[in-house]
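Just below is one structure, and these are the notes that go with it.
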Amino acid sequence: MNATLGRFLILGSLLVSTTGAVLGFAAGAKRSREGLKWTQRFAYAFAALMVVATAVMEKALITHDFSVSYVAQVGSLSTPLWVTIVSLWSSLEGSILFWGFVLGLYIAAATFLTRKDHEEYMAYSIATWLACASFFSFLIAGPASPFLSVAMPPTDGPGPNPLLQNHVLMIIHPPFLYLGYVGMTIPFGFATAALLRGRLGLAFLKPMRTALMLPWIFLTIAIMLGGWWAYEVLGWGGYWAWDPVENASLLPWLTATAALHSAVVMERRGVLKGWTVTLIQGSFLLTILGTFMTRSGVFNSVHSFTQSSIGPTILVFLAAVLLGSVALLATRIDSLEAEGRIDGAVSREGMFLLNNLLFVLFTFTVLIGTVFPLVVEALRGKQMSVGRPYFDSMVVPVGTALVFLLGVGPALPWGRASKEQVRRSLLPPLIGAALVGIIGYALGARNAWTLLTLVFGGYAAQVTLAEMWKPVVQRMKRGDSLVTATVQAQFKRGRRRFASYIIHAGAVIVIVAIAVSSTTRTQREVSLARGQSASIGAYTLTFLGTETRNEPNRVATIARVAVAKDGKQIEVVEPRMNQYATMREPIGTPAVHSTLAGDLYVSIMNLDGSGENAGLLLLITPMVSWIWIAVLLMGVGGVIAIIPTRSAVTVLEPQDSAAPAVAETAALT
Amino acid sequence: MNRTVLAIGIVIALALVVVLYFGLGKDPQHIDSPLVGRPAPDFALKAVGSDETIDLAQYRGKPVVLNFWATWCRPCWDEHPTLTATAQSAGNQVQFLGVVFQDDESKIVDFLRQRGWAYPTLVDEKGKTAIAYGVGGVPETFFLNKNGTIVAKFEGPMTPDIIEENLAKAMR
């Protein structure tokens with residue numbers, strides 16, 4: 001019953017999305033207002049069908065209806081309710097349905113929010129979204145159907161992938177990633193519409209930028225959650241391994257970040273229109289590439305889905321969108337005329353260009369490193385892997401250069417600046433640079449790249465804080481109180497500017513924390529008999545013995561380790577190995593004692609059968625938690641940037657005084 | 001028409017699609033074992049349920065199927081009937097050996113008593129043999145020809161087809 005209903009709904013969504021897409025492109029070509037209205041209705045209908053289909057699947061999961069193929073595959077009577085609910089995205093077929101669900105929500109929201117505006121672009125935009133939607137409906141209806149009927153339903157199922165049950169981060173990481181990945185469809189639709197129309201007015205930039213910012217926020221947080229999960233679970237003490245699937249999530253993030261920056265230059269100077277559109281197309285294509293990477297079984301990774309048959313289907317879609325986008329860009333890019341020009345390289349816009357260049361370089365570096373093993377295998381039939389040395393040697397200089405730009409870029413004024421102006425803007429932050437560099441050196445940083453990152457980071461931090469403070473000072477000079485000035489300058493008029501500096505602050509902290517944590521950590525591998533102690537840094541660890549706990553879905557072997565700092569007992573940590581019945585290997589879960597200064601990380605390397613001896617990996621990694629915190633700060637900044645307010649009206653108000661207006665418009669960064 | 005954009009776009013698009021296309025259809029989990037084509041590392045391990053020590057060398061002259069497994073591994077349960085049945089039907093022509101690692105002998109004995117005990121099962125006390133064979137997880141199965149050379153390795157549970165295909169290589 002559920003299976004039949006689900007199949008029926010998905011066939012409906014396939015029909016609605018295909019019809020809506022055809023109608024939308026026709027309406028766009030004819031500039032038909034009536035056609036646009038109908039296209040909007042089809043968009044809502046697609047969303048409704050997807051939401052209902054997903055609800056049907058959730059109902060089937062919760063009621064353990066094993067006659068539905070997906071439930072038979074991932075359901076289990078013994079899993080807790082929350083695991084049952086989230087098992088919607090624990091396996092291939094369900095995750096594609098979840099994709100359709102998220103896409104439906106995005107399309108409905110974007111259609112609703114633009115229902116009265118941007119008429120000349122919207123039919124094409126919605127048509128593009130629905131064309132993507134029809135591909136995913138097709139996947140759900142055919143190659144990856146979760147709604148097949150099981151003739152002889154089993155009485156119980158195996159339950160979802162143990163990794164999903166092993167850590168709470170694994171439950172929230174996937175939805176964030178989907179919200180980021182799927183959301184890139186919306187700016188892609190806008191960009192495609194601009195290309196098809198052969199015009200990109202500045203008014204249309206606003207929804208395009210918001211549509212890009214929202215998935216960017218989700219993707220930023222999703223990448224961090226993935227790294228955090230790896231750190232908390234995989235047991236080697238790192239958070240990033242340049243695994244193909246990690247790279248797959250980073251690639252669209254890099255191009256989207258570049259696009260958010262080039263959009264600013266476009267807004268200010270009327271240039272880089274074609275380039276911004278190209279970056280947006282690229283971001284969407286990279287999400288499809290990422291989907292292919294995780295679901296085709298081509299790449300080996302901790303989180304690839306097992307071998308599946310949908311790889312070729314996704315590849316066909318990727319190839320079609322890729323070639324279609326190239327053709328569209330080639331034929332229409334010249335019609336997106338520049339309205340202004342860039343004067344002078346040593347200016348804010350010059351730094352924006354450099355930023356874009358670096359992000360694109362970063363993207364290609366990661367992309368090449370990721371697919372290179374496939375090239376070698378295709379050409380020479382040999383297996384190889386591209387590891388950390390390649391990525392580190394390529395990415396560290398680019399990352400360092402980006403911190404440099406985080407400081408110098410916002411410090412420089414827009415347009416042509418005199419030498420005196422340049423000197424006045426660039427010199428003061430050297431104080432921050434020196435300060436942070438010296439502190440880092442005093443605390444033991446010796447790696448040249450790390451020191452350089454600290455110096456640039458200090459510079460950028462001072463610039464960021466000064467730029468945040470500047471409009472407040474200007475308002476206070478006009479007689480506003482500190483509170484009024486802050487509220488007005490940061491949350492009302494200059495909100496986007498304020499938001500971008502919050503994101504910058506987060507980015508500076510993230511890069512510094514990555515540099516410090518990856519180059520200054522202390523590592524010890526110890527073998528302890530029960531009662532024996534070992535010390536690392538200020539910590540002394542005593543092995544208390546092991547115990548085995550039988551938990552409903554797994555058997556856990558736990559090493560109990562007492563931790564003392566400077567001679568004072570603080571905690572007993574319990575690194576463990578979880579053995580799930582369905583896994584070939586046990587999943588370790590290290591114990592992490594986190595402080596702002598650094599983390600103590602205890603991971604089991606081996607345990608002997610008697611429980612009398614344990615091999616432990618001990619790590620002290622400074623500043624790791626700053627990465628998680630600072631990424632959240634970036635997310636908060638992103639949210640501040642896109643909260644809808646009535647500021648669209650205020651922008652049109654006549655400016656009552658020149659000074660704040662300068663700071664605030666200068667600020668559209 | 002902007003030819004530069006077209007040319008750059010097409011080069012990138014085609015290169016990417018072609019590379020990904022060639023990547024389809026292979027198993028990324030699979031790692032070529034450097035041991036294939038080399039003599040199997042020797043070992044002498046105690047057999048489960050007896051005091052006898054079994055030396056791999058004593059089976060020279062006969063193909064050997066060497067299966068690493070454990071009672072806590074679910075896929076190993078799935079392949080056990082297949083291994084047992086094939087071992088019984090192969091009779092004296094092929095030697096099957098099980099090697100259990102990270103496990104208790106009592107659990108192994110219970111398991112074999114309940115599910116069939118067709119060939120010697122050895123205990124890899126400290127996992128040394130598994131390390132020598134580069135075992136990444138269980139189950140993992142090695143096929144040795146009569147000269148004691150490893151001719152094939154398979155990761156994951158055995159099916160009748162997989163055993164047959166790899167045994168053919170070992171019998172050659």
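The values are calculated or read from the model by the stated rules, or taken from the named source; none is laboratory data. Because the structure is predicted, anything quoted here is derived from the model rather than measured. Every residue, glycine among them, receives a Cβ derived from its backbone with ideal geometry; neighbour counts consider all protein chains shown.
If you scan the range A:573-607, which residues turn out to be modelled with pLDDT under 90 and of a type in the set (D, E)?
Across the range A:573-607, the qualifying residue is only A:E585.
Give the range A:1-40 a look and list any residue that's of a type in the set (K, R), more than 11 Å from A:F147 (Cα to Cα) and assigned to a helix (DSSP H, G or I), or say none.
Kept after step one, since they are of a type in the set (K, R), are these residues of the range A:1-40: A:7, A:30-31, A:33, A:37.
Still in the running and more than 11 Å from A:F147 (Cα to Cα): A:30-31, A:33, A:37.
Of everything in the range A:1-40, those that are of a type in the set (K, R), more than 11 Å from A:F147 (Cα to Cα) and assigned to a helix (DSSP H, G or I) turn out to be A:K30, A:R33, A:K37.
Quick one: how many residues across the range A:326-349 are within 11 Å of chain B (Cβ to nearest Cβ) and assigned to a helix (DSSP H, G or I)?
If we filter the range A:326-349 for residues that are within 11 Å of chain B (Cβ to nearest Cβ), which is where we start, we get A:326-336.
Applying the additional criterion that residues be assigned to a helix (DSSP H, G or I) yields A:326-335.
Residues meeting the conditions: 10.
Looking at the range A:362-395, which of its residues are under 30 Å from A:G432 (Cβ atoms) and either without any contact (Cβ under 8 Å) to a residue 60 or more places away in the chain or among the aromatic types (F, W, Y) (or both)?
Passing the criteria: A:F362, A:T365, A:F391, A:D392, A:S393, A:M394, A:V395.
Would you confirm, using the coordinates I've provided, whether A:W82 is surrounded by fewer than 24 Cβ atoms within 10 Å (Cβ to Cβ), part of a helix (DSSP H, G or I) and either without any contact (Cβ under 8 Å) to a residue 40 or more places away in the chain or not assigned by TED's automatic domain parsing to the domain that holds A:F135 (or both)?
No; evaluated as a whole, the condition is false for this residue.
Based on what the data block shows, is A:A55 among the small types (G, A, S) and crowded, with 20+ Cβ neighbours inside 10 Å? Steps first, please.
Details: among the small types (G, A, S): yes; crowded, with 20+ Cβ neighbours inside 10 Å: no.
So A:A55 does not fit the description; no.
Would you check which residues across the range B:47-68 are surrounded by fewer than 17 Cβ atoms within 10 Å (Cβ to Cβ), touching a strand residue (DSSP E or B) at 6+ places or on another chain (Cβ under 7 Å) and not β-branched (V, I, T) and list them?
B:A47, B:D55, B:K62, listed by residue number.
Have a look at A:P160, A:P175 and point out the one that is within 27 Å of the chain's Cα centre (by Cα) and in a loop (DSSP other than H, G, I, E, B).
Details: A:P175 fails: in a loop (DSSP other than H, G, I, E, B).
Exactly one of A:P160, A:P175 is within 27 Å of the chain's Cα centre (by Cα) and in a loop (DSSP other than H, G, I, E, B), namely A:P160.
At least 3 residues that are hydroxyl-bearing (S, T, Y) and surrounded by 17 or more Cβ atoms within 10 Å (Cβ to Cβ) in each: list the strands (runs of 3 or more DSSP E) lying fully within the range A:496-593 that qualify.
A:539-551
Quick one: what pairs do we get from the range B:12-25, first residue more than 7 Å from chain A (Cβ to nearest Cβ) and crowded, with 16+ Cβ neighbours inside 10 Å, second at pLDDT below 80 and not in a helix (DSSP H, G or I), C-beta under 9 Å, 6+ apart or different chains?
No pair meets every condition.
Out of the range B:135-149, which residues are within 14 Å of another protein chain (Cβ to nearest Cβ) and part of a loop (DSSP other than H, G, I, E, B)?
B:V135, B:G136, B:G137, B:V138, B:P139
A:V624 is checked against (1) surrounded by fewer than 21 Cβ atoms within 10 Å (Cβ to Cβ); (2) more than 15 Å from A:V572 (Cα to Cα) and fails just one. What number does that condition carry?
(1)
Consider A:K59 against the criteria (1) modelled with pLDDT of 90 or more; (2) touching a Ser or Thr at 6+ places or on another chain (Cβ under 8 Å); (3) within 30 Å of A:N161 (Cβ to Cβ): it satisfies all of them except one. Which criterion is unmet?
Of the numbered conditions (1) modelled with pLDDT of 90 or more; (2) touching a Ser or Thr at 6+ places or on another chain (Cβ under 8 Å); (3) within 30 Å of A:N161 (Cβ to Cβ), the odd one out for A:K59 is (2).
Taking the range A:377-396, which residues are of a type outside the set (S, T, Y), exposed (fewer than 15 other Cβ atoms within 10 Å of the Cβ) and at pLDDT 80 or above?
The answer is A:P389, A:D392.
Identify, please: which residue in the range B:22-37 is modelled with pLDDT under 65 and among the charged types (D, E, K, R) and is, among those, nearest to A:T313 (Cα to Cα)?
Result: B:K26.
Being loosely packed, with under 15 Cβ neighbours inside 10 Å and in a helix (DSSP H, G or I) is the filter here; which residues of the range B:110-134 pass it?
Matches in the range B:110-134: B:D110, B:R113, B:Q114, B:R115, B:K128, B:I131, B:A132.
Tell me which residues, restricted to the range A:360-397, are over 24 Å from the mean Cα position of the chain (by Cα), aliphatic (A, V, I, L, M) and assigned to a loop (DSSP other than H, G, I, E, B).
Result: A:M384, single match.
Take the residues of the range B:75-89 that are buried (at least 17 other Cβ atoms within 10 Å of the Cβ) and free of Cβ contacts under 8 Å to residues at least 40 places away in the same chain: which is nearest to the other protein chains (Cβ to nearest Cβ)?
Out of the qualifying residues, it is B:H80.
B:T71: within 30 Å of A:D334 (Cα to Cα), hydroxyl-bearing (S, T, Y) and within 14 Å of chain A (Cβ to nearest Cβ), yes or no?
For B:T71, the condition - within 30 Å of A:D334 (Cα to Cα), hydroxyl-bearing (S, T, Y) and within 14 Å of chain A (Cβ to nearest Cβ) - is not met.
Where residues in the range A:163-172 are in a helix (DSSP H, G or I) and β-branched (V, I, T), which of them is modelled with the lowest pLDDT?
Filtering first and then ranking leaves A:I171.
With A:R521, A:R549 as the choices, which residue is modelled with pLDDT under 90, more than 14 Å from chain B (Cβ to nearest Cβ) and over 30 Å from B:W72 (Cβ atoms)? Steps first, please.
Values: A:R549 fails: over 30 Å from B:W72 (Cβ atoms).
Exactly one of A:R521, A:R549 is modelled with pLDDT under 90, more than 14 Å from chain B (Cβ to nearest Cβ) and over 30 Å from B:W72 (Cβ atoms), namely A:R521.
Pull up the range A:605-635, narrow it to residues that are part of a strand (DSSP E or B) and away from every other protein chain (no Cβ under 13 Å), then point me to the one that is farthest from A:N553 (Cα to Cα). Show your work before the answer.
So in the range A:605-635, the residues part of a strand (DSSP E or B) come out as A:605-607, A:613-622.
Filter once more, keeping what is away from every other protein chain (no Cβ under 13 Å): A:614, A:616-622.
Details: A:A614: 25, A:L616: 25, A:L617: 26, A:L618: 28, A:L619: 30, A:I620: 32, A:T621: 32, A:P622: 35 Å.
Step by step, filter the range A:605-635, then rank; the result is A:P622.
Kindly establish whether A:F352 is assigned to a helix (DSSP H, G or I), of a type in the set (F, W, Y) and more than 10 Å from chain B (Cβ to nearest Cβ).
yes
Please identify the pairs in which a residue from the range B:98-109 that is exposed (fewer than 15 other Cβ atoms within 10 Å of the Cβ) has its Cβ atom under 9 Å from the Cβ atom of a residue that is hydroxyl-bearing (S, T, Y) and not in a helix (DSSP H, G or I), counting only partners at least 6 apart or on another chain.
B:D104/B:T71; B:K107/B:T71
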